[in-house]
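Only one structure is covered here, and it is reproduced in the block below.
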Amino acid sequence: MGIRIRAILPLLALATLTGCQLQSVSTTRLIQHQAMIDPSGLKDSSICQDVKVHVAAPQKWEPLTAKKTAIYTDMQWRSPSKMTGVGVAYVHLPLPIPASTVAWLAEKEYTKRSDDGKLLSLWTDALGRPWFEAENNRFHVRGYIVTRGFEAWIIYCGYRLEQPPSAAELGVAGRSLETIVPTPFAQDVPQRPLASGAVPAGSGQF
């Protein structure tokens with residue numbers, strides 16, 4: 001699909017500059033939430049070491065090669081149609097720097113390839129995760145941000161705008177997104193959700 005982190009970084013910048021602070025969330029609540037996600041169409045949860053997360057990736061979706069730079073590592077799973085994707089950008093911070101500085105770094109990286117990206121919405125869910133929704137002339141993306149000490153994760157999914165999105169692909173992408181838990185929050189999570197259930201209102205499900 002090619003929704004790479006260059007499409008997400010300006011959103012992180014806009015989110016932080018408009019008051020959506022990067023903050024940690026309760027580990028217990030995050031694990032409880034992950035356990036309640038509907039597992040339909042998802043693999044068992046496994047660890048992706050490149051971006052330090054537990055993730056139940058969509059079945060039959062292609063894991064792309066992780067893109068690594070001095071600022072971040074970006075990992076993505078792409079649908080068979082190549083129109084939809086789920087991704088995680090792991091950012092290792094040299095210091096527990098304030099959100100405004102993270103935003104500046106994001107903007108500097110993004111301006112290497114300027115685009116028409118625009119922020120559509122910002123909100124915080126019941127778990128305290130700051131969410132964003134945005135698009136540029138190629139992609140529509142939705143995701144959230146969590147931090148812990150010197151580390152930050154931008155967890156997102158989205159689709160190409162070349163044609164109408166697939167509701168089935170967006171559904172499984174949204175469920176996979178909600179299963180992602182950074183490994184520093186928990187070394188172990190259930191391989192399969194403990195109970196099936198709808199993603200709570202206010203989350204990032206498409």
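How about region 135-177: which of its residues are surrounded by 23 or more Cβ atoms within 10 Å (Cβ to Cβ) and out of contact with any Phe, Trp or Tyr (no Cβ under 9 Å at 6 or more places or on another chain)?
Scanning region 135-177 gives a single hit, Arg175.
Look through region 29-59, keep the residues that are of a type in the set (Lys, Arg) and over 16 Å from the mean Cα position of the chain (by Cα), and return whichever of them is farthest from Thr73 (Cα to Cα). First the steps, then the outcome.
Filtering region 29-59 for residues of a type in the set (Lys, Arg) gives 29, 43, 52.
Subsequent filtering for residues that are over 16 Å from the mean Cα position of the chain (by Cα) retains 29, 43.
Working: Arg29: 26, Lys43: 22 Å.
Restricting to residues being of a type in the set (Lys, Arg) and over 16 Å from the mean Cα position of the chain (by Cα), the top hit is Arg29.
What residue, among those in region 105-119 that are of a type in the set (Gly, Ala, Ser) and buried (at least 20 other Cβ atoms within 10 Å of the Cβ), is modelled with the highest pLDDT?
Gly117
Could you list, in sequence order, all residues of region 120-134 that are in contact with a Phe, Trp or Tyr (Cβ under 9 Å, 6 or more places away or on another chain) and buried (at least 19 other Cβ atoms within 10 Å of the Cβ)?
Within region 120-134, Arg129, Pro130, Trp131, Phe132 qualify.
For region 132-171, name all the residues that are within 16 Å of Gly41 (Cα to Cα) and either in a loop (DSSP other than H, G, I, E, B) or over 14 Å from the mean Cα position of the chain (by Cα) (or both).
Ser166, Ala167, Ala168, Glu169, Gly171
If only one of Thr65, Thr84 is modelled with pLDDT of 90 or more and closer than 23 Å to His140 by Cβ, which one is it?
Thr84
I'm trying to understand the selection: among the residues of region 48-62, which are closer than 24 Å to Thr147 by Cα and in a strand (DSSP E or B)?
Going through region 48-62, the residues closer than 24 Å to Thr147 by Cα turn out to be 48-57.
Passing the criteria: Cys48, Val53, His54, Val55.
Looking only at region 42-72, which residues are closer than 17 Å to Val172 by Cβ and either among the charged types (D, E, K, R) or surrounded by fewer than 18 Cβ atoms within 10 Å (Cβ to Cβ) (or both)?
Within region 42-72, Lys43, Asp44, Ser46, Gln59, Lys60, Glu62, Pro63, Leu64 meet the criteria.
Kindly provide the set of residues from region 23-47 that are β-branched (Val, Ile, Thr) and part of a helix (DSSP H, G or I), ordered by number.
Answer for region 23-47, where residues must be β-branched (Val, Ile, Thr) and part of a helix (DSSP H, G or I): Thr27, Thr28, Ile31.
Are there any pairs with C-beta distances below 6 angstrom linking a residue in region 62-77 that is among the hydroxyl-bearing types (Ser, Thr, Tyr) to a residue that is assigned to a strand (DSSP E or B) and surrounded by 14 or more Cβ atoms within 10 Å (Cβ to Cβ), with the two at least 6 apart or on different chains, and if so which?
From region 62-77, the pairs are Tyr72/Ala89; Tyr72/Val91; Thr73/Tyr90.
The values are calculated or read from the model by the stated rules, or taken from the named source; none is laboratory data. Just so it is clear, the structure is predicted and the values come from calculations on it, not from any experiment. Note: ideal-geometry Cβ built from the backbone for every residue, glycine included; neighbour counts use all protein chains shown.
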